[in-house]
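The values are calculated or read from the model by the stated rules, or taken from the named source; none is laboratory data. On a predicted model such as this, the values are computed, not experimentally measured, just so you know. In this analysis, Cβ positions are derived from the backbone assuming ideal geometry, glycine residues included, and neighbour counts consider all displayed protein chains. Accessible surface is based on the protein model in full, side chains and every heavy atom, while ligands, DNA and RNA are left aside. Shrake-Rupley method; radii C 1.70, N 1.55, O 1.52, S 1.80 Å.
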Amino acid sequence: MRGAVLYGAGDVRFEERGNPRIVEPTDAILRLSATCVCGSDLWPYRGISPVSQPTPMGHEYCGIVEEVGSAVTSVKRGQFVIGSFFASDNTCPSCRIGYQSGCQHAEPVGGAQAPLLRVPLADGTLVATSGVPSDDLIPSLLALSDVMGTGWFAADAANVKPDSTVAVVGDGAVGLLGVLSAKQMGAERIIAMSRHASRQKLAREFGATDIVTERGDEGVARIKELTKGIGADAVLECVGTQEAMMQAIRSTRQGGYVGYVGVPHGVELKGEELFYAHVHLHGGPAPVRRYLPKLIDLVLSGKLNPGKVFDLTLPLDQVGEAYRAMDERRAIKALLRP
């Protein structure tokens with residue numbers, strides 16, 4: 001088969017790779033219905049997180065089970081499934097309390113920008129739908145494998161409650177789906193921080209009530225102004241930079257919550273400022289597996305449409321253009337069809 005391989009900054013190639021195979025009896029092989037490029041893929045693509053060798057890319061996926069190992073019992077050939085970017089056994093102590101991304105036997109799932117994918121720990125990682133969904137639902141179901149699950153975790157970690165005021169730092173796919181998550185959880189006011197018209201428009205569609213274009217200290221001041229000097233009850237940090245993290249913390253009211261899901265790059269926190277901020281910090285790699293059953297139900301019932309975040313669809317062999325479009329902010333998120 002052919003799939004995406006990153007050789008270095010700006011160098012993604014669609015080239016021959018070996019077909020995945022069953023390695024452990026707990027594995028499954030999927031034929032993917034769709035995959036995509038993640039905002040976190042742009043860190044190595046831009047050279048900020050250098051790769052030391054050619055690396056198969058992609059960690060978001062949904063599709064049909066093609067083969068299962070001898071120990072797999074919860075999914076079977078022919079089922080449509082969705083899984084997380086971390087494989088988990090779903091039985092260890094971390095999994096049982098809902099932190100499958102911190103599973104004691106966790107394995108990263110990679111190489112999903114291809115027609116076929118090996119998923120380890122299939123019983124604990126994959127969730128099957130009741131039937132094969134219609135093609136129009138594929139984008140929304142694909143979003144659940146990472147960005148929707150991550151946006152939901154950001155809102156959950158930030159303790160979003162009905163009638164609360166929420167601010168979202170970051171207008172990428174995760175930030176936008178954080179807006180959608182906060183709306184679904186009943187937030188009364190949702191302040192989206194964005195400088196891009198197309199993203200502001202989608203944020204409004206997803207439930208944002210206010211748009212703040214300022215960043216850094218000016219962004220904090222604007223949120224304080226909108227909240228009568230108090231700050232937001234919950235802030236979702238969906239970027240991963242120092243500026244974004246400090247903007248999130250400083251925009252939160254005393255006793256409020258920050259849910260941070262942006263992969264951190266150069267983020268350092270000063271103990272004294274945290275001490276006097278009186279904010280709760282909770283985040284990390286999203287335990288997507290915890291939320292998959294609920295989110296699948298919401299999508300299949302028509303109550304959630306995260307697939308709107310895909311504003312570019314390309315055949316898989318144009319994966320290089322997908323990276324370029326996202327890197328140049330010509331696209332929010334690119335969906336790839338094998």
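Evaluated at q = 0.26, 0.28 Å⁻¹, the base-10 log of the normalised Debye intensity for the stretch 190-238, with identical point scatterers placed on the Cα atoms, takes the values -1.05, -1.17. Taking the Kirkwood radius as Rh and the Cα radius of gyration as Rg, the stretch 252-298 has a ratio of Rg/Rh equal to 1.12.
Rg over Rh for the stretch 280-338 works out to 1.09, both radii taken from alpha-carbon positions and Rh defined as the Kirkwood radius. Averaging 1/r over every pair of different alpha carbons in the stretch 145-278 and inverting the result gives a Kirkwood radius of 14.0 Å.
Accessible surface area normalised per residue over the chain is 42 Å², counting heavy atoms of protein chains with a 1.4 Å rolling probe.
When the Cα atoms of the stretch 1-144 are aligned to their principal axes, the ranges along those axes come out at 40, 35, 29 Å in descending order. Charge tally around residue 18: other residues with Cβ under 13 Å, Lys/Arg +1 each, Asp/Glu -1 each, net +2. With Cα atoms as the point set, the radius of gyration and Dmax of the stretch 1-85 evaluate to 14.7, 41 Å. Restricting attention to the chain, lysine pairs at least eight places apart or on different chains and with alpha-carbon atoms under 12 angstrom apart total 5. Helical content alone sets the calculated 222 nm signal of the chain at -8000 deg cm²/dmol, taking -39,500 (n - 2.57) per DSSP H segment of four or more residues and averaging over every residue. The eigenvalues of the Cα gyration tensor, multiplied by 5 and square-rooted, give the stretch 149-193 an equivalent ellipsoid with semi-axes of 14, 11, 8 Å from largest to smallest. Computed from the Kirkwood radius of its Cα pairs, the Stokes-Einstein diffusion coefficient for the stretch 222-338 at 10 °C and 1.306 mPa s stands at 93 µm²/s. From the P(r) of the chain, can you give the percent of Cα pairs sitting at distances over 31 Å? Here the tail beyond 31 Å accounts for 30 percent of pairs.
Summing +1 for each Lys or Arg and -1 for each Asp or Glu among the other residues whose beta-carbon sits under 10 angstrom from that of residue 192 gives 0. Pairs of Cα atoms nearer than 8 Å and 6+ residues apart set the relative contact order; for the chain it is 19 percent.
Couplings for the stretch 41-54, taken from phi via the Karplus curve 6.51 cos²θ - 1.76 cosθ + 1.60 with θ = phi - 60°, read 5, 6, 4, x, 4, 8, x, 6, 10, x, 9, 8, 7, x Hz in order; Gly and Pro are left as x.
Measuring only protein heavy atoms, the 1.4 Å probe finds residue 16 accessible over about 130 Å².
Of the solvent-accessible surface of the stretch 76-167, computed with a 1.4 Å probe and all protein chains present, 50% belongs to carbon and sulfur. For residue 182, the shell of other residues with beta-carbons less than 11 Å away shows a net charge of 0, using +1 for Lys and Arg and -1 for Asp and Glu. Taking the accessible area of the stretch 283-334, probe 1.4 Å, and keeping the other protein chains in place, the carbon and sulfur fraction comes to 45%. For trypsin sites (Lys or Arg not before Pro), the sites in the stretch 273-338 that DSSP calls loop and that have at most 13 other Cβ atoms within 10 Å are 303, 329, 330.
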